[in-house]
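First comes the structure, then the notes that go with it.
Each reported figure results from applying straightforward, stated rules to the coordinates on display, with no laboratory input. Every value quoted in this text rests on a predicted model; they were computed, and no experiment measured them. Cβ placement follows ideal geometry from the backbone for every residue including glycine, while neighbour counts extend to all protein chains displayed.
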Amino acid sequence: MELDNEHILPLLGYIIEGHLKTPSLVSEWMHKGTLHDVMRTFVRGSLETCMMVRYHTIQAQKYKLRELLL
């Protein structure tokens, strides 16, 4: 199945690194930085952060449901 959504980056590959053999996913460059970088700009546990996460989770679920129904 192919995903075509402006909010989903294509997966280019992966790499296993370090002594813990930690996997890292490789995708296109994100102009706002990594997800970790972006999430550090939000206050942890704040209403704004919770609402933003809730909104994007619902949007992802709607997208996936539409894909399954087509």
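Less than 14 Å Cβ to Cβ from Lys32, Lys/Arg counted +1 and Asp/Glu -1: what total charge do the surrounding residues give?
-2
What are the chymotrypsin sites (Phe, Trp or Tyr not before Pro) within region 25-70 that DSSP puts in a loop, where the Cβ has at most 15 other Cβ atoms within 10 Å?
Taking region 25-70 and a limit of 15 other Cβ atoms within 10 Å, the loop chymotrypsin sites (Phe, Trp or Tyr not before Pro) found are Trp29, Phe42.
Test of understanding: in a Gaussian network model of the chain with alpha carbons linked when under 10 Å, which of Thr57, Thr49, Thr22 would top the mean-square fluctuation ranking?
Maximum among the listed residues: Thr22.
So which trypsin sites (Lys or Arg not before Pro) in the chain pass both tests, a DSSP loop state and at most 15 other Cβ atoms within 10 Å of the Cβ?
Working: sites: Lys21, Lys32, Arg40, Arg44, Arg54, Lys62, Lys64, Arg66; in loops: Lys21, Lys32, Arg40, Arg44.
Filter output for the chain: Lys21, Lys32, Arg40, Arg44.
Using the charge dipole of region 1-60 (Lys, Arg: +1 at Cβ; Asp, Glu: -1 at Cβ; taken about the Cα centre), state which of Ser27, Cys50, Pro10 has its Cα farthest towards the positive end.
Working it through, the farthest residue towards the positive pole turns out to be Cys50.
Counting other Cβ atoms within 10 Å, keep those with at most 11, restrict to DSSP loop, and tell me which GluC sites (Glu not before Pro) in the chain are left.
Working: sites: Glu2, Glu6, Glu17, Glu28, Glu48, Glu67; in loops: Glu2, Glu6, Glu28.
For GluC sites (Glu not before Pro) across the chain that sit outside H, G, I, E and B with at most 11 neighbouring Cβ atoms in 10 Å, the list reads Glu2, Glu6, Glu28.
Under the rule of at least 5 residues apart or a separate chain, name every residue whose amide H is placed under 5 Å from the amide H of Ser27.
The answer is Leu12.
Let me make sure I get this right: for the chain, a, b and c are the square roots of the gyration tensor eigenvalues over alpha carbons, sorted descending. Under 1.5 in a/c it's rounded, otherwise prolate if a/b > b/c, else oblate. Which is it?
oblate
From the phi angles alone, apply the Karplus equation (6.51, -1.76, 1.60; θ = phi - 60°) to region 39-48 and give each ³J(HN,Hα) in whole Hz, x where the residue is Gly or Pro.
Calculated HN-Hα couplings, in order: 5, 5, 7, 9, 6, 5, x, 6, 4, 4 Hz.
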